[in-house]
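Working notes, beginning with the structure itself.
The values are calculated or read from the model by the stated rules, or taken from the named source; none is laboratory data. Keep in mind the model is a prediction, meaning the values are calculated, not measured. In this analysis, Cβ positions are derived from the backbone assuming ideal geometry, glycine residues included, and neighbour counts consider all displayed protein chains. Just the protein is used for accessible areas: all its heavy atoms, side chains included, with ligands, DNA and RNA removed. Shrake-Rupley method; radii C 1.70, N 1.55, O 1.52, S 1.80 Å.
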Amino acid sequence: MSSLPTAWLRQLAEAVGFDLVGFSRAEPIPPEALCSWVEAGYAADMDWMGERAAERLDVRLLLPGAKTVVTFANNYYRDDPEAADSPIARYARGRDYHSTLRDRMKAFRKALQESYPGIGTYGGVDSGPMMEKVWAARSGMGYVGKNGCFITERYGSWVLLATLILDAEVDAYGEGPATDRCGACRRCLLSCPTGALVGNGRVDARACLSYQTIENRSQEVPEAFRFAMDSLVFGCDICQDVCPLNRKPVFAEHPRFAPRAVAGLGVMELAGLTPEQYAQFIPGTALARARYDGLRRNAIYALGAARQEQARALLEKLCEEPSEPVRSAAQWALRQLAQ
Ligand code: SF4
Ligand code: SF4
């Protein structure tokens, strides 16, 4: 098969709803960065990061004959007034982005295979062993900033990435990362409340509140970090909010990125969610990953960190909960009120 025309692929990506697209050769990724990050313990208990390292580093193990990695990006920035005080990270306030990007990639793949029958593909949205930011950087779409986020020129770091591997070549490839625009700035490093940014764009997941509020469902959040959660329940945008490269965000018009009703809830309402409210608000959003008890546990920590005296009655009630993480979080929060 002759190489695929990137002009046509770009039009197709735009037609299915992506804001940016880039192309990189499916060449192996040097192992040092991933291995040293895992060996340093920065992956916390996300064992899957190290377990499928061979496939992460060489996508030809995922798709035999892989030649090209296509990276798609969607801007998701919204500043709807009804979500202005939401304790949920911006990307998680609307419909689950996985389904949005997956639908778009599916449409892209279908059109591609109609025009080029027999082409082999392997895709994923924040799933599967693919190093999205590495491929996005190789494609020239942006670069990884000191805050560990992928930064684009037009949308800053308010982007979500999806990756599609092809067993065909394209007619033009990106030339590696865009120019690093961080310069001497250290704002994100100085603003991270838990010191999770450990240099060179690396994040120590153990100290990152995104990890603690989303992935750490089985253990308590270390006490030192809970004090930084006074207005965070799911995810953390601090190192993006302070970034000067995010000063001119572009509003993501598509209704799929519009905040859902859950983004109008405050910390107290999230802490007191009933199973019925959980079923009403959470399915179909990225918040489902934290699960019922994880979400409430986080919100309770937030009440304690903010010393919300008006939450006392709710916290006392939550001390009677059958769920151990919720109960112990409520006991901790009550102790903060007493101080
Ligand atoms: Fe720090 Fe929050 Fe950024 Fe994690 S997401 S590195 S906790 S500022
Ligand atoms: Fe780079 Fe400054 Fe943005 Fe951090 S805050 S990612 S150092 S520009």
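Per-residue Karplus couplings for segment 3-12, computed as 6.51 cos²θ - 1.76 cosθ + 1.60 with θ equal to phi - 60°, are listed in order as 5, 6, x, 5, 4, 5, 4, 5, 4, 5 Hz, Gly and Pro entered as x.
Of the Cα atoms belonging to segment 152-268, the radius of gyration and Dmax stand at 17.5, 54 Å.
Can you give me the accessible area per residue for segment 265-339, using a 1.4 Å probe, in Å²?
Values: 3410 Å² over 75 residues.
Heavy-atom SASA per residue in segment 265-339 reads 45 Å².
Cross-link partners of LYS248 among lysines, defined as those whose alpha carbon lies under 24 angstrom from its own and excluding same-chain residues fewer than eight positions apart: LYS133, LYS146. Three semi-axes describe the equivalent ellipsoid of the chain; taken as square roots of 5 times the Cα gyration tensor eigenvalues and ordered largest first, they are 38, 21, 19 Å.
Whenever you get a sec, compute what percent of the accessible area on the chain sits on carbon and sulfur atoms (1.4 Å probe). Write out the running numbers ahead of the final one.
Values: 7750 of 15440 Å².
Reported share for carbon and sulfur atoms: 50 percent.
Rounded to whole numbers, the Karplus 3J(HN,Hα) couplings from phi for segment 70-81 are 9, 10, 10, 9, 10, 6, 10, 5, 9, 10, 4, x Hz, using 6.51 cos²θ - 1.76 cosθ + 1.60 with θ = phi - 60°, and x at Gly and Pro. Absence of a disulfide-compatible partner, taken as no other cysteine beta carbon within less than 4.7 angstrom, is noted in the chain for CYS35, CYS149, CYS182, CYS185, CYS192, CYS208, CYS236, CYS243, CYS319. When only alpha carbons of segment 76-125 are considered, Rg and Dmax amount to 16.1, 49 Å. Kirkwood hydrodynamic radius computed over segment 87-215 comes to 16.7 Å, based on all pairs of distinct alpha carbons. At a Förster radius of 45 Å, what calculated FRET efficiency corresponds to the Cβ-Cβ distance of ARG60 and ALA338, to the nearest 0.05? It comes out at approximately 0.15.
Set against the 2.2 N^0.38 Å expectation for a compact globular protein, segment 153-204 has a Cα radius of gyration ratio of 1.60.
If both residues of a DSSP beta bridge must be in the chain, then about 90% of such bridges are antiparallel. Using a Gaussian network model of the chain in which every pair of alpha carbons under 10 angstrom is joined by a spring, one finds that among ALA54, ALA329, ALA162 the greatest mean-square fluctuation is at ALA54. If you look at the Cα atoms of segment 265-339, you get an Rg and a Dmax of 11.7, 39 Å. Using the Kirkwood radius over C-alpha pairs as Rh, can you work out the diffusion coefficient of segment 23-117 via Stokes-Einstein at 20 °C, viscosity 1.002 mPa s, in µm² per second? Here the translational diffusion coefficient equals 127 µm²/s. When the Gaussian network model of the chain links Cα atoms closer than 10 Å, the mean-square fluctuations of ASN75, ASN147, ASN246 top out at ASN246.
Scalar couplings 3J(HN,Hα) for segment 170-175, obtained by applying the Karplus form with A = 6.51, B = -1.76, C = 1.60 to θ = phi - 60°, are 10, 7, 7, 10, x, 10 Hz; x denotes Gly and Pro. Of the two radii for segment 6-166, the radius of gyration is 0.97 times the Kirkwood radius, both from the alpha carbons; that is the Rg over Rh value.
Per-residue ellipticity at 222 nm computed for the chain from its helices equals -9500 deg cm²/dmol, with DSSP H segments shorter than 4 residues left out and the rest contributing -39,500 (n - 2.57).
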